[in-house]
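For reference, the structure discussed in these notes is given below.
The values are calculated or read from the model by the stated rules, or taken from the named source; none is laboratory data. All values derive from a computational prediction rather than experimental measurement. Here Cβ is always computed from backbone atoms with ideal geometry, including for glycine, and neighbour counts include all displayed protein chains.
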């Protein structure tokens, strides 16, 4: 316990110079950091585990977590200064960079490496094949977003041309897709967890496949900051990613039931039994990374997917958008706890 207290004290002392740049010092003496996440999903279990296990507090950080409701909205919050850190699909960083913005978003850490979307149909289907989507309509997410582009990538891998063989709807706001599926005649929808399992429990739809099973490894969700802040706030970002890394390591070494129990306070509308099922789904497809370091191979695969979707106006160099220096530093440490 004394070691934990010493680490917290050291973290607090080192953060004093950065307080004015973020949300200031809370009553508890921690630095408030606003994190805008693209959605609130069990897909981000390592982050929630780090929050609930006190890893951020031990680094002198208090998280103000905001649900952006879509990568475009999360990026807007980051660029406008309403968020200190954004957790979203890295494709948004590519778009901003290609627009020529000087103070663009830089990726400092990766959280997930598989598409977290589950495909739901109107009826149970134990013998599902992707060919069954031929001639059908799928609610697939925002145009140009990773969920939509990865879905279309998987369709093409299975010989189905989006817009020709399958109608992929991109006109529904991310956090309204479950409701739209229930009230429309669209035969399929892709949803994140726990929304997918909740929809199944309520009889709205039935999980028939996981997009991540087909898509392979891709840098699906990452932490981003403004380029102008990387160097001046390196100390704080290091503490932030250290907490994330400890969360990643904890999740990698614990069972779905243990994960569900720890992150349950983050999902008050979901019981532990449901969260355990969800954690099993994501653990089975290998959704979570074990370190925040993004590989160039996965980055290039993401660019391939964006390119195949017709959304890539330029192909940025890896080093132009990804700064692994902090992620590598914390990943080389022995995680405490």
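I'm trying to understand the selection: among the residues of region 326-337, which are closer than 26 Å to residue 228 by Cβ and touching a residue at least 60 places away in the same chain (Cβ under 8 Å)? If the condition is that a residue be closer than 26 Å to residue 228 by Cβ and touching a residue at least 60 places away in the same chain (Cβ under 8 Å), then 326, 327, 329, 330, 331 are the ones that fit. Could you check, for region 93-106, whether at least one of its residues is more than 30 Å from residue 245 (Cα to Cα), without any contact (Cβ under 8 Å) to a residue 12 or more places away in the chain, out of contact with any helix residue (DSSP H, G or I) (no Cβ under 9 Å at 6 or more places or on another chain) and assigned to a loop (DSSP other than H, G, I, E, B)? Checking region 93-106: at least one residue is more than 30 Å from residue 245 (Cα to Cα), without any contact (Cβ under 8 Å) to a residue 12 or more places away in the chain, out of contact with any helix residue (DSSP H, G or I) (no Cβ under 9 Å at 6 or more places or on another chain) and assigned to a loop (DSSP other than H, G, I, E, B). Those strands (runs of 3 or more DSSP E) of region 163-242 that lie entirely within it include none in which at least 2 residues are closer than 30 Å to residue 276 by Cβ and free of Cβ contacts under 8 Å to residues at least 24 places away in the same chain. Which residue, of 140, 145, is more than 16 Å from residue 210 (Cβ to Cβ) and either under 24 Å from the mean Cα position of the chain (by Cα) or in the same structural domain as residue 40 (by TED's automatic domain parsing) (or both)? Exactly one residue qualifies, and that residue is 145. Annotation note: of 244, 278, the sole residue that is within 18 Å of residue 221 (Cβ to Cβ), surrounded by 20 or more Cβ atoms within 10 Å (Cβ to Cβ) and at pLDDT below 95 is 278. Does region 304-319 contain at least one residue that is under 20 Å from residue 230 (Cβ atoms) and crowded, with 19+ Cβ neighbours inside 10 Å? No: zero hits.
Residues in region 131-150 that are surrounded by fewer than 24 Cβ atoms within 10 Å (Cβ to Cβ), touching a strand residue (DSSP E or B) at 6+ places or on another chain (Cβ under 9 Å) and on the phi > 0 side of the Ramachandran plot: how many? Final tally of qualifying residues: 1. Taken as a whole, the structure places residue 126 among residues that are on the phi < 0 side of the Ramachandran plot, part of a loop (DSSP other than H, G, I, E, B) and out of contact with any helix residue (DSSP H, G or I) (no Cβ under 8 Å at 6 or more places or on another chain).
Going residue by residue through region 7-28, is there one that turns out to be in contact with a strand residue (DSSP E or B) (Cβ under 7 Å, 6 or more places away or on another chain), closer than 26 Å to residue 69 by Cα and at pLDDT 55 or above? Yes, some residue in region 7-28 is in contact with a strand residue (DSSP E or B) (Cβ under 7 Å, 6 or more places away or on another chain), closer than 26 Å to residue 69 by Cα and at pLDDT 55 or above. Within region 284-307, residues that are at positive phi and outside the structural domain of residue 152 (by TED's automatic domain parsing) reach partners that are surrounded by 14 or more Cβ atoms within 10 Å (Cβ to Cβ) and part of a helix (DSSP H, G or I) with beta carbons closer than 8 Å, at six or more positions or on different chains, in the pairs 286/212.
Criterion applied to 315, 301 was being more than 29 Å from residue 55 (Cα to Cα) and touching a helix residue (DSSP H, G or I) at 6+ places or on another chain (Cβ under 8 Å), and the one residue passing it is 315. How about region 47-59: which of its residues are more than 22 Å from residue 93 (Cα to Cα) and either in contact (Cβ under 8 Å) with a residue 12 or more places away in the chain or not assigned by TED's automatic domain parsing to the domain that holds residue 254 (or both)? The answer is 48, 49, 50, 51, 52, 53, 55, 56, 57, 58, 59.
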